[in-house]
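Notes for the one structure printed next.
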Amino acid sequence: MAARRPVRLPVLAGVVVLVLGLETSCDETAAAVVEDGRRVLSDVVSTQVDIHRRWGGVVPELASRNHIVQVMPVVHEALTRADKTLDDIDLLAVTSGPGLIGALLVGLQVAKGLSLATGKPFVGANHLEGHLLAIRLLEDAPAPPFLGLVVSGGHTSLYEVRDYGNYRLVGRTRDDAAGEAYDKTARILGLPYPGGQPIDELAQKGNPEAIRFPRALPGDNLDVSFSGLKTSVLHHVQKHGVPEGQALHDLCASFQEAVADVLSKKLVAAAKKLGHTQLVLCGGVAANSRLRALCKQRAEERGLRMFLPPVRLCTDNGAMIAVAGYEAWRRGLRGDFRLAADPAWRME
């Protein structure tokens, strides 16, 4: 058996560092080349939405198998679009948690294989940290400290970002994540999976005050809850039937208003309670038009600065993992061939 090549460590001071980021935590196969954790040279995403739509949600085994098929073509395309080769890459960053265990293992084993074959170092990156740090790819990105609200299909969490690598969880959902509430509501209404985009589109022509759905703001803490909202939609449909036409637009707008109202209130309440003036909204649900608008409106009303990543950086992508990996490397984290996937990796 041939000996392993020595891992060559990049110097991170005074030179340009090219990071290849790999993301396979759920149902997107993604790779990106990012310079110095700030400038995207390429960002390629292969989505599995059509594969999972027929089942109404992500099927883990199907996700893992599709990652195996797509990951190397996606990596090749990312390098091609950046006009780079593996020889040009200084650091490999890969999502090692949280996520689906089988999906995570695909990306992790690819990163290890590329590291072994090329001698390039690699580092595991936290998926949620990737969402939080995607804002670093904006020209006017905020420097810590700031509050970051991560809103996705599997997570709704509010973090105090004291510094890169220094995070404190200050609020979370007590049950369904916001994205889950969207998907379950879409299923009740007979809309396609994932539910975020079709509900958002239908809501554009609806009256957000047509139906007064409940807002769960448990106590004076910073937690949220969405299971009651989903159940309220179910009871409404059981009583009145699945709506059509304008009634469907109104229901979607009313549901969406309830989600955006709760999240935006908690975000600005956290800023007041913890003394922050910079707010970041991120994660897949951060692409929602009403949530973006209401968070920005309420922040500005209170003299706070709201940072919103572009929609393409809200959903899972390789660029955010490249940023998280770069920052993890800068603060001394290192990957080795014993690194395991951690589907429940708690960032804080």
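Brief remarks follow.
- Within the range 144-165, being open to solvent by 50 Å² or more (accessible area, probe 1.4 Å) and either of a type in the set (D, E, K, R) or at pLDDT 95 or above (or both) holds for Pro145, Arg162, Asp163.
- Residues of the range 50-79 satisfying the condition of being of a type outside the set (A, V, I, L, M, F, W, C), closer than 20 Å to Ala186 by Cα and part of a helix (DSSP H, G or I): Asp50, His52, Arg53
- Pairs linking a residue in the range 33-44 that is in contact (Cβ under 8 Å) with a residue 12 or more places away in the chain to a residue that is surrounded by fewer than 19 Cβ atoms within 10 Å (Cβ to Cβ) and among the acidic types (Asp, Glu), with Cβ atoms under 8 Å and 6 or more positions apart or on different chains, are Leu41/Glu35; Leu41/Asp83; Ser42/Glu77; Val44/Glu77.
- Some residue of the range 226-235 being in contact with a Leu (Cβ under 7 Å, 6 or more places away or on another chain) and either in contact (Cβ under 8 Å) with a residue 40 or more places away in the chain or more than 19 Å from Leu291 (Cβ to Cβ) (or both): no
- When His76 is tested against (1) of a type outside the set (D, E, K, R); (2) surrounded by 19 or more Cβ atoms within 10 Å (Cβ to Cβ); (3) closer than 22 Å to Thr47 by Cβ, only condition (2) is not met.
The rows are residues; the columns are (1) farther than 24 Å from Asp36 by Cβ; (2) open to solvent by 10 Å² or more (accessible area, probe 1.4 Å); (3) of a type in the set (D, E, K, R); (4) in contact (Cβ under 8 Å) with a residue 40 or more places away in the chain.
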residue: Thr85; (1), (2), (3), (4): no, yes, no, no
residue: Leu91; (1), (2), (3), (4): no, no, no, yes
residue: Val94; (1), (2), (3), (4): no, no, no, yes
residue: Leu105; (1), (2), (3), (4): yes, yes, no, yes
residue: Leu116; (1), (2), (3), (4): yes, yes, no, yes
residue: Pro121; (1), (2), (3), (4): no, no, no, yes
residue: Asn126; (1), (2), (3), (4): no, no, no, yes
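- Flag if Arg168 is surrounded by fewer than 16 Cβ atoms within 10 Å (Cβ to Cβ), modelled with pLDDT of 95 or more, basic (Lys, Arg) and out of contact with any His (no Cβ under 6 Å at 6 or more places or on another chain): yes
- Within the range 128-143, considering residues that are among the charged types (D, E, K, R) and at pLDDT 95 or above, the one surrounded by the fewest Cβ atoms within 10 Å (Cβ to Cβ): Arg136
Here is a yes/no grid of residues against (1) of a type outside the set (D, E, K, R); (2) closer than 28 Å to Val16 by Cβ; (3) surrounded by fewer than 19 Cβ atoms within 10 Å (Cβ to Cβ); (4) in contact with a strand residue (DSSP E or B) (Cβ under 8 Å, 6 or more places away or on another chain):
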{"site": "Gln278", "(1), (2), (3), (4)": "yes, yes, no, yes"}
{"site": "Cys282", "(1), (2), (3), (4)": "yes, yes, no, yes"}
{"site": "Leu291", "(1), (2), (3), (4)": "yes, no, no, yes"}
{"site": "Leu294", "(1), (2), (3), (4)": "yes, no, no, no"}
{"site": "Cys314", "(1), (2), (3), (4)": "yes, yes, no, yes"}
{"site": "Ala324", "(1), (2), (3), (4)": "yes, yes, no, yes"}
{"site": "Gly332", "(1), (2), (3), (4)": "yes, yes, yes, no"}
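- Residue that is surrounded by the fewest Cβ atoms within 10 Å (Cβ to Cβ), among those in the range 248-276 that are of a type in the set (Gly, Ala, Ser) and touching a residue at least 24 places away in the same chain (Cβ under 8 Å): Ala269
- Long-range neighbours under 6 Å by Cβ, at least six apart or interchain, first residue more than 19 Å from Ile135 (Cα to Cα) within the range 297-315, second surrounded by 18 or more Cβ atoms within 10 Å (Cβ to Cβ): Arg298/Ser264; Arg298/Val268; Arg302/Val268
Conditions (1) at pLDDT 95 or above; (2) of a type in the set (A, V, I, L, M, F, W, C), marked per residue:
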| residue | (1), (2) |
| --- | --- |
| Ala13 | no, yes |
| Gly57 | no, no |
| Gln70 | yes, no |
| Ile89 | yes, yes |
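Listed here are the residues, each with its yes/no results for (1) out of contact with any strand residue (DSSP E or B) (no Cβ under 6 Å at 6 or more places or on another chain); (2) more than 23 Å from His276 (Cβ to Cβ); (3) of a type outside the set (Ser, Thr, Tyr).
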| position | (1), (2), (3) |
| --- | --- |
| Leu138 | yes, no, yes |
| Gly148 | no, no, yes |
| Val151 | yes, no, yes |
| Ala181 | yes, yes, yes |
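- Any pair with Cβ under 6 angstrom, 6 or more apart, that starts in the range 199-220 at a residue that is under 23 Å from Ala286 (Cβ atoms) and open to solvent by less than 60 Å² (accessible area, probe 1.4 Å) and ends at one that is modelled with pLDDT of 95 or more and part of a loop (DSSP other than H, G, I, E, B): Asp200/Asn288
- Subset tally (residues that are open to solvent by 10 Å² or more (accessible area, probe 1.4 Å) and either among the hydroxyl-bearing types (Ser, Thr, Tyr) or outside any loop (DSSP other than H, G, I, E, B) (or both)) for the range 296-312: 9
- Taken over the range 262-316, the residue count meeting the criterion of being on the phi > 0 side of the Ramachandran plot and within 19 Å of the chain's Cα centre (by Cα) is 1.
The values are calculated or read from the model by the stated rules, or taken from the named source; none is laboratory data. The model shown is predicted, which means the values in this text are computed figures rather than measured ones. Methodologically, a virtual Cβ is constructed for each residue, glycine included, from the backbone with ideal geometry; neighbour enumeration extends over all protein chains shown. Just so you know, the surface numbers come from the protein's heavy atoms only, side chains and all, with ligands and any DNA or RNA stripped out. Shrake-Rupley method; radii C 1.70, N 1.55, O 1.52, S 1.80 Å.
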